[in-house]
Amino acid sequence: MDIKDIIKPENIVYQKTKLFTEKPLSYCPGCGHGTAHRMLLEVLEEMNIQDKTVGIAPVGCSVLAYEFLDIDMQQAAHGRAPAVATAVKRLMPDKFVFTYQGDGDLAAIGTAETIHACNRGENFTMIFINNGIYGMTGGQMAPTTLPGMRASTCPFGRDTEIMGNPLKITELLAQLPGVYYVTRQAVHTPNAVRKTKKALRIAFENQKLKKGISFVEIVSNCNSGWKMTPNQSNKWMEDNMFPFYPLGDIKVPQLEKV
Amino acid sequence: MGELKLMKGNEAVAEAAIRAGADGYFGYPITPQSEIMEYLMTEKPYETTGMVVLQAESEVAAINMVYGGAACGRMVMTSSSSPGISLKMEGISYLAGAELPAVIVNVVRGGPGLGTIQPSQSDYFQATKGGGHGDYRMYVLAPASVQEMSDFVKIGFEMAFKYLNPVMILSDGAIGQMMEKVVLFDPIPRRTPEEIEKQCPWATTGKNANRKHNVITSLLLDSHEQEQHVFKLRDKYERMQKEDVKFEKIQCDDAEFLFVAYGSSARICQKAVDIARAQGIKVGLFRPITLFPFPSEELLKLSSQIKGILSVEMSLGQMIEDIKLAVECKIPVNHFGRTGGVIHSPGEVFEALKSTYLGG
Ligand SMILES: Cc1ncc(C[n+]2csc(CCOP(=O)(O)OP(=O)(O)O)c2C)c(N)n1
Ligand code: SF4
C-alpha cells in the first residue's frame, strides 16, 4: 500500500486546525505553548468568531503567536497586554478580545496592568501560561518559580529568604469583583487538554455575555528552561508544580454554565 | 466661523479632542495637565460622540491603551507632564516601531526628577531626539497659545494618520494653565467602523474572508529586515521635512538679530522684540512651530542677513543645538533662558540680547 492510499479524507482522524497559519510552530518540541494555541483556535473556530476576534500576545516565548494564529493580532510590550486589551475591547465592544501572557509578563512586569484590568472588570479573556520560568530570555527566575527550583538567576534554587515566595497571582485575582471566572488547567495529557478546551470555551462564552474578566491559567512545561526532556518535564510538573498550583476551578459563577 | 470661548489651554485640548472626532482618551493625573481628563470626564463625550475616556492605573498603562486603540485604527490620545511622559517612552517607541497613529500631549514642567510643577521647556531633547529607544522620531508641534492648543489636536491627528507615526504636542505649564479666547473648530463626526476599516486596512478589527490576518508588531528579529524597516521610517521623517515643516516669522524682514523661540518663550520674546524695536534695535522673532521636523532650511536662508541669534528657551539650552546645525555655525548662536520652572521676563530677554551682541 502506498502512503497516498492511506492519506484520504475518510482516514483522517486528526488534522491541523483551520485557524492555524501555514507557518511551522517555532516553540521547542514538547513545549505546552503549541497545544495551548491549538485549544484556543479550536474554540474560536467552533464559536465561529475568527472575524470578530483580536488577540494580544506580549513579549515572551509566545510573542510570535501572531505568526501562527490566523486571526488579527497585536504584539504588545512586555507586561502591557491587559492595558492594550482594555482599549481594544472598549473601542470595539462587539469584538472578542484575549490576552495570552507568560508568568513573567503577567505576574512580574505587568502586575499593575493585570490587577487593574481585572479590577475594572474589563470584558475580555486572559490566558495565562505559567511555566515557572522566563522561557524566552533563557530560563531566569520567574515570579512563579517554586521554592528550591533552579533557574539561571537562582542557580542554587529559589531561596525564599532572599528572593521571596512564588506569587499565586491567580488566587489573588480571584478575589476581585471584576473577575468573573477563574480556572487553572494544564495541557500535558489528553484529559487535561479536554478540560482546558472546555475552560476556554466558557471563558469566551462569558465574554459574549459581557461578564467581565475570564481568567484561564494553564500550568505548562518549559522543557528547555527546566533543562529536561519533554517527558521528564511533564512528570516534574505533575510532581512539583501541581501541588503548589493545584488544577481546577478557582472561581465559578453560580448560574451560567456552558 | 467656529464658537468663541474663554478657556484654559488644557481645556482647549480636551474640547478639541471631542470636536476632532477622537475615539478615545487614556490618561493618568499629573499637574499641570490634569484639567484635560477632568474636562473630559465632566463633558462625558462617551454619552454624546461615543468617545471613550478612561483613567488608567499609570502612564505606562495609558500609553499602552493608546497602542491598543491605535492598532485598531482608532483616533486615540493621551496627555501627561514630564515625569509621566518619561514613563510613556517605551510605549511611544513601540508606536513608532509598529507605525501607529497617536497624539501625545506633554504639558511640560521643570525637572529633572520630580522637579517642580512650574512651566518649563526642558523636555525638548526628549521630544525631538527620541526619548524612547531606537531609531525613530515623533512629529512634534509646539503651541504658543490656547488657540493653538485646540488647533494642534486636530492637526496632530491629521499628521498622525498621514504618517502613521506618533505625534507629540509639546506644550508647557504656562500654556496649559493660562486662559485665553479661543475659536473652536466645528465638530467633526467620529468615523464609522466601516470608514475606519477603509481608511486603515492594516488595523486589527477582526480578520474577514477578504483579507489576510492583520498583525501589529514592532518585532523584526532579522537584523536586515529591521534595517529595511528603519530605512522606511527614515523616508517618512524625510517626507515630514519636505511637506510639513511649520514656523512663524515675526518682524524678520529687516532684522539684524534674531530671537529663536517656541511656545511660551516665543510669546515672551514677542514682547522683547517690541522693547528692542522701541529702542531702534532691529530684532525679529523666528518661531519654530514644528520642533521635529525643524525648520532648518528657512532659518539658514534667514541667517545671511543676521548678525547673531539668541535661542531663548526655558531650559539650559536644548533647541540651540538644532539652530546651530541649521545655520551651519555661520553666525553666532547663543542661549538665554531661565530654567527649573522659572519664566524669564521680556526685559531679561532684551537685556540678554544687549549683553550678548551689543556690548551691554
Ligand atoms: C521592558 C522589557 N524588559 C525585559 C524584556 C526581556 N524579556 C523578554 S521575554 C522576558 C520574560 C518572559 O517570560 P514569561 O513572561 O514567563 O514568558 P515565557 O517566555 O516563559 O513564555 C523578558 C524578561 C523585554 N522584552 N522588555
Ligand atoms: S523556551 Fe520553554 S516556553 Fe519557550 S518555547 Fe521553549 S520550552 Fe516553550
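Computed with a 1.4 Å probe over protein heavy atoms only, the accessible area of B:CYS329 comes to about 100 Å².
Summed over qualifying helices (DSSP H, 4 residues or more, each -39500 (n - 2.57)) and divided by its residue number, chain A shows a 222 nm mean residue ellipticity of -9000 deg cm²/dmol. Ordered by solvent-accessible area of protein heavy atoms (1.4 Å probe), largest first, the residues B:LYS246, A:LYS4 come out as A:LYS4, B:LYS246. Of the heavy-atom accessible surface of segment A:52-126 (probe 1.4 angstrom), what whole percent is carbon and sulfur? Ligands and nucleic acids excluded, carbon and sulfur give 57 percent.
Accessible area per residue was computed with a 1.4 Å probe on protein heavy atoms; A:THR53 scores about 0 Å². Which values of log₁₀ I(q)/I(0), to two decimal places, follow from the Debye formula for the protein assembly as shown at q = 0.08 Å⁻¹ with a uniform point scatterer at every Cα? Result of the Debye calculation: -0.63. Distance between the C-alpha centres of segment B:40-83 and segment B:327-360: 39 Å, rounded to the whole angstrom. Averaging over all projection directions, the Cα-based convex hull of segment A:79-206 occupies 8.4 nm² in the image plane. Summing Cβ point charges (Lys, Arg +1; Asp, Glu -1) relative to the Cα centre of the protein assembly as shown gives a dipole of roughly 740 debye. Placing dummy labels 7 Å off each Cα toward the beta-carbon, the span from A:PHE242 to A:TYR14 is 2.0 nm. Annotation: amide H-H contacts under 5 Å for A:GLY157 (H modelled 1.01 Å from N, sequence separation of 5 or more, or interchain): A:ALA151. Taken residue by residue and averaged, Cβ atoms of other chains lying within 10 Å of the Cβ of B:199-208 number 5. Cβ-Cβ distance of A:THR229 and B:ASP222, R₀ of 35 Å, FRET efficiency by 1/(1 + (r/R0)^6): the value works out to about 0.70. Here is how the number arises for chain B: DSSP H runs of 4 or more residues each give -39500 (n - 2.57), the sum is divided by the residue count, and the result at 222 nm is -13000 deg cm²/dmol. Distance from the C-alpha centroid of segment B:133-203 to that of segment B:103-122: 19 Å, rounded to the whole angstrom.
Semi-axis lengths, largest first, of the ellipsoid equivalent to segment B:247-357 are 18, 17, 12 Å, with √(5λ) applied to each eigenvalue of the Cα gyration tensor. Inter-chain Cβ neighbour count for A:48-57, averaged per residue, equals 4 (cutoff 10 Å, partner chain atoms only).
Solvent exposure of the protein assembly as shown amounts to 40 Å² per residue of accessible area, where only protein heavy atoms count and the probe is 1.4 Å. Counting only Cβ charges, +1 for Lys and Arg and -1 for Asp and Glu, the dipole size of segment B:3-193 around its Cα centre is about 220 debye.
Taking all Cα-Cα distances within segment A:143-238, those exceeding 22 Å account for 44%. Accessible surface of B:LEU4, taken over heavy atoms with a 1.4 Å probe and every protein chain present, rounds to 110 Å². The A-B contact accounts for roughly 2600 square angstrom of buried accessible surface, both chains included, probe 1.4 angstrom. Which of the GluC sites (Glu not before Pro) found in segment B:301-360 are in a DSSP loop and have at most 15 neighbouring Cβ atoms, other than their own, within 10 Å? Listed in order of number, the matching sites are B:GLU328. The largest accessible area among A:PHE124, A:PHE244 belongs to the first residue in A:PHE244, A:PHE124, and the rest follow in falling order (1.4 Å probe, all chains).
The values are calculated or read from the model by the stated rules, or taken from the named source; none is laboratory data. From a predicted model like this one, the values you see are computed outputs, not experimental measurements. No Cβ is skipped: glycine too gets one built from the backbone with ideal geometry, and neighbour counts run over all protein chains shown. To get the accessible areas, we keep the full protein, side chains included, count just its heavy atoms, and leave off ligands, DNA and RNA. Shrake-Rupley method; radii C 1.70, N 1.55, O 1.52, S 1.80 Å.
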